[in-house]
Amino acid sequence: MKLIRLFLAKENIFFILISTDYVFDGRNPPYKEDATPNPLQSYGKSKYEAELVTQKASKSIFNRTSNEKQ
């Protein structure tokens, strides 16, 4: 992911990441934007790692999707 971040910066590309509520452990839904992620399996962990890299990129944003009804 670091190489992707460096490439985006070098090429001046705006990056959009679609993430998921699998970055959480499922114990206290619905989750707010400032909730602390706690992924339990590899899919959620990879999404959370991608979010961390995206946050470091200068021109980027991420959005978490969910099936949780509020």
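Data for the structure
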| quantity | calculated |
| --- | --- |
| Reachable aspartates and glutamates, given that their alpha-carbon falls under 13 Å from the alpha-carbon of K45 and they are not under 8 places away in the same chain | D21, D25 |
| Cα Rg, Dmax (largest Cα-Cα span) when computed across the chain, Å | 13.1, 40 |
| Calculated from backbone phi, Karplus (6.51, -1.76, 1.60) coupling profile of region 53-64 in Hz, x at Gly/Pro | 5, 4, 4, 7, 6, 6, 10, 7, 7, 10, 10, 9 |
| Contact order relative to length of the chain, as percent, for alpha carbon pairs under 8 angstrom and 6 or more apart | 46 percent |
| Calculated P(r) of region 29-70 - Cα pairs past 12 Å, % | 67 percent |
| Residues with amide H under 5 Å from that of F24, placed H, sequence gap 5 or more | N38 |
| Summed side-chain charge close to S19 - residues other than S19 whose Cβ falls under 11 Å, Lys, Arg +1, Asp, Glu -1 | -1 |
| Charge sum, other residues only, whose C-beta stays under 11 Å from Y31's C-beta, Lys/Arg counted +1 and Asp/Glu -1 | -2 |
| Distance (nanometres) between label positions extended 7 Å along Cα→Cβ at I13 and T65 | 2.1 nm |
| The chain, dipole about Cα centre (Lys/Arg Cβ +1, Asp/Glu Cβ -1), debye to the nearest 20 | 200 debye |
| Fraction of accessible area attributable to carbon and sulfur, the chain (%, probe 1.4 Å) | 52 percent |
| E49 - accessible surface, heavy atoms, 1.4 Å probe, Å² rounded to 10 | 110 Å² |
| Proximal lysines to K59, defined as alpha-carbon separation beneath 18 angstrom and excluding residues fewer than eight positions away on the same chain | K2, K10 |
| For T54, net neighbour charge (Lys/Arg +1, Asp/Glu -1) across residues whose Cβ lies under 11 Å away | +2 |
| Under-5 Å amide H pairs with L17, H placed in peptide plane, nonlocal only | I61, F62, N63 |
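The values are calculated or read from the model by the stated rules, or taken from the named source; none is laboratory data. Given the structure is predicted, the values throughout are model-derived calculations rather than measurements. Note that each Cβ is placed from the backbone with ideal geometry, even for glycine, and that neighbours are counted across all protein chains shown. Accessible surface is based on the protein model in full, side chains and every heavy atom, while ligands, DNA and RNA are left aside. Shrake-Rupley method; radii C 1.70, N 1.55, O 1.52, S 1.80 Å.
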